[in-house]
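Take a look at the structure below.
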Amino acid sequence: MFKKMFGLTILLVLVGIVIGNFIENQYENKSTEPNIYNVTGDPNAQGGAIASPESVGIEPGEVAPDFELETLDGSLIRLSDLQGKKVILNFWYTWCPPCREEMPEMQKFYDEYGDDVEIVAVNLTEMEKSEQDIHDFIDEFSFTYTVPLDRDSNVSDQYKIYAAPTSYFIGTDGIVQQPRWIGPMEYEFMEEMVNGLN
């Protein structure tokens, strides 16, 4: 009888160790996974989201709020001066991984379509450690599209930016004509969005 009880006790201890290790592994795996949830209902959705029309922000059909900002090279840009061109208005900062992912794609797109489409990559300057970081980043990767500095967050507040990168697609008439995009853009996506602009 004692041998059976001892054997049963050993078996229960071993089962407890196995269960404990399994639970610990599940917890470790879960804690290293990125905290990303697909709220679109589309199981194939990746990398970003088109914000719903009901959500906060500038909606398709609305005039893009005008602004004037100093660019990285010291000149001034006014959004309304770009009327007559299609515009991708992008909001970003240097240490944002999805921003860093999309910027080479934006440069590739700009190299191809820069005569017809203006890319205005508004830097969320209050998110940066220093303005020198922005200069260093742009110089390192030789990005040539326009980079205005939103030093006091007035423009990002106007456009209700709560995540980066966020992009708006503005037609030649100054009207936002596509739903805003939250997340990194790829070349083909930019083509698709811009082709839908007048």
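A few notes on this one:
- Those helices (runs of 4 or more DSSP H) of the stretch 103-198 in which at least 2 residues are within 18 Å of T71 (Cβ to Cβ) and of a type in the set (F, W, Y), considering only elements entirely within it, cover 131-141.
- Residue check: N198 meets all listed conditions (1) touching a Phe, Trp or Tyr at 6+ places or on another chain (Cβ under 6 Å); (2) at pLDDT below 95; (3) not β-branched (V, I, T) but one, namely (1).
- Hey, A64 touching a helix residue (DSSP H, G or I) at 6+ places or on another chain (Cβ under 7 Å) and either open to solvent by less than 70 Å² (accessible area, probe 1.4 Å) or in contact (Cβ under 8 Å) with a residue 40 or more places away in the chain (or both) or not: yes
- If the condition is being β-branched (V, I, T) and not in a loop (DSSP other than H, G, I, E, B), then the stretch 75-96 contributes I77, V87, I88.
- Search result, residues across the stretch 98-129 that are charged (D, E, K, R) and open to solvent by 10 Å² or more (accessible area, probe 1.4 Å): R100, E101, E105, K108, D111, E112, D115, D116, E118, E126, E128, K129
- All positions within the stretch 170-198 that are in contact (Cβ under 8 Å) with a residue 40 or more places away in the chain and either of a type in the set (S, T, N, Q) or under 16 Å from M103 (Cα atoms) (or both): T172, Q177, Q178, W181, I182, G183, P184, M185, E186, Y187, M190, E191
- For the stretch 160-189, taking the residues that are out of contact with any helix residue (DSSP H, G or I) (no Cβ under 8 Å at 6 or more places or on another chain), surrounded by fewer than 21 Cβ atoms within 10 Å (Cβ to Cβ) and aromatic (F, W, Y), the one that is modelled with the highest pLDDT is identified as F189.
- Residue check for D157: touching a residue at least 12 places away in the same chain (Cβ under 8 Å) and open to solvent by 30 Å² or more (accessible area, probe 1.4 Å): no
The values are calculated or read from the model by the stated rules, or taken from the named source; none is laboratory data. This is a predicted model, so every value here is computed, not measured. Here the Cβ is made from the backbone with ideal geometry for all residues, glycine too, and neighbour counts use every protein chain on show. All accessible areas refer to the heavy atoms of the entire protein, side chains included, with ligands and DNA or RNA removed. Shrake-Rupley method; radii C 1.70, N 1.55, O 1.52, S 1.80 Å.
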